[in-house]
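Here's the structure we're looking at; comments come further down.
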Amino acid sequence: MPGFLLDRGRYTTFDPPETGVRLLPAGINNRGQITGEYLGPGNESGFLRDRRGKVTKVDLPGATATEVVKINDRGVIAGAYSRTVPFLSDPNGMAHGFLLDRGKVTRIDVPGAVQTEAAGINDRRQVVGVFTDAGDTSHGFLWNKGRFTTIDVPGAAYSEPIDINDHGQIVGIYGEGSGTGPIHGFLWDKGRFTTIDVPGVPITIPFGINDHGQIVGSTLTDAATLSGARGFLLRNGVDGPVTPISFPGAPRTLATGINDRGQIVGAYENPNAAPSP
């Protein structure tokens, strides 16, 4: 699944700088810098792609796995890392959240949490993400100048914020059961939750929100295998119509980030790629 940039209806694709690696874009800022996951055969790193297309691998010192997610307009990156496992998808990773600002690392750990993962950041350096408590339940959080606020959808079995814009609006997902049942998207705005569900699919994941309130994300029929992946754009926010995002000819498309210029990043399944042995 190569990465793509969608700008005013035109798709530009980009591949990893080396073989055996997969790039999964996650965010784009207004300067055109793109961040995401750099997935190799042995471990997980992050990447930063500049406007000229140069891809730089990101690994935190001492980390065995580094996951890079969003980037703000000042170039500050949010993500998570582990010192014990090669991939953050491992539930035993004991993940820690972080901010990376011109080489300086700020660790983000919710007090008392088993693990913490930062997911989204805005230009005010407010960070959202998810933490796991001692009972193995996932909760959302908002980090603001070192202070944590829990973000939980009322009645949900788990809540996971994914992105935040400069107005403090947050998008993410929640579930009604532990790993089973539908996965719903949500918008959190001034303490009020609004559910985001694209009709006809069991899984709706809003991955990004810009300062105009435009929301980009993906729908799935199975989260583990990315089956039925289709991108979508809510150009007018939660009250507007759903605009599909589908890379031409691709069986699957993931839309994962959007900036204030309306540029969208994501990944698509290359229909011409040879099957893996």
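Taking only the C-alpha atoms of the stretch 198-250, Rg followed by Dmax gives 11.2, 32 Å.
Across q = 0.22 Å⁻¹, the stretch 64-130 modelled as identical point scatterers on its alpha-carbon atoms has Debye log10 I(q)/I(0) values of -0.85, in the order of the q list.
Each principal axis of the Cα cloud of the chain was evaluated for its coordinate range; sorted largest first, these ranges are 47, 44, 37 Å.
The Rg/Rh ratio for the stretch 102-176 is 0.97, where Rg is the radius of gyration of the alpha carbons and Rh is the Kirkwood radius.
Over the Cα atoms of the stretch 1-116, the radius of gyration divided by the Kirkwood radius equals 0.98; this is the Rg/Rh ratio.
In this structure the amide hydrogen of F207, modeled in the peptide plane, comes within under 5 Å of the amide hydrogens of V216, G217, S218, none closer than 5 places in sequence on its chain. The label-point distance for N236 and R124, in a model that sets each label 7 Å from Cα toward Cβ, rounds to 2.7 nm. Each Lys and Arg Cβ is given +1 and each Asp and Glu Cβ -1; about its Cα centre, the chain then shows a dipole of about 980 debye. Diffusion coefficient (Stokes-Einstein, Kirkwood radius over C-alpha pairs, 20 °C, 1.002 mPa s) for the stretch 127-237: 151 µm²/s, rounded to a whole number. Among the GluC sites (Glu not before Pro) within the stretch 1-70, those in coil by DSSP and having at most 13 neighbouring Cβ atoms inside 10 Å are E18. Projecting the Cα atoms of G46, F87, G181 onto the charge dipole of the chain (Cβ charges, centred on the Cα centre) puts G46 farthest toward the positive pole. Comparing mean-square fluctuations of T149, T35, T66 from a GNM of the chain with C-alpha springs under 10 Å, the top value falls on T149. Of the residues I170, P202, G32, the one whose Cα sits farthest towards the positive end of the charge dipole of the stretch 3-268 is G32 (charges of +1 on Lys and Arg Cβ, -1 on Asp and Glu Cβ, taken about the Cα centre).
If contacts are Cα pairs under 8 angstrom and at least 6 residues apart, what is the relative contact order of the stretch 3-268 in percent? Computed over the stretch 3-268, the figure is 13 percent. If you take all other residues with their beta carbon under 13 Å from the beta carbon of Y174, and give Lys and Arg +1 and Asp and Glu -1, the sum is -4. Within the listed set D59, D163, D239, the residue fluctuating most in the Gaussian network model of the chain (springs between alpha-carbon atoms under 10 angstrom) is D239. The length gained on full extension between D109 and R74, counted as 0.36 nm times the residue separation minus their Cα-Cα distance, comes to 10.4 nm. A straight Cα-to-Cα reach below 21 Å connects K70 with the lysines K54, K57, K104, K145, residues fewer than 8 places away in its own chain not being considered.
The numbers here are math on the coordinates, done by the rules we state, and not lab data. Given the structure is predicted, the values throughout are model-derived calculations rather than measurements. With ideal geometry, Cβ positions are generated from the backbone for all residues, glycine too; neighbour counts draw on all protein chains shown.
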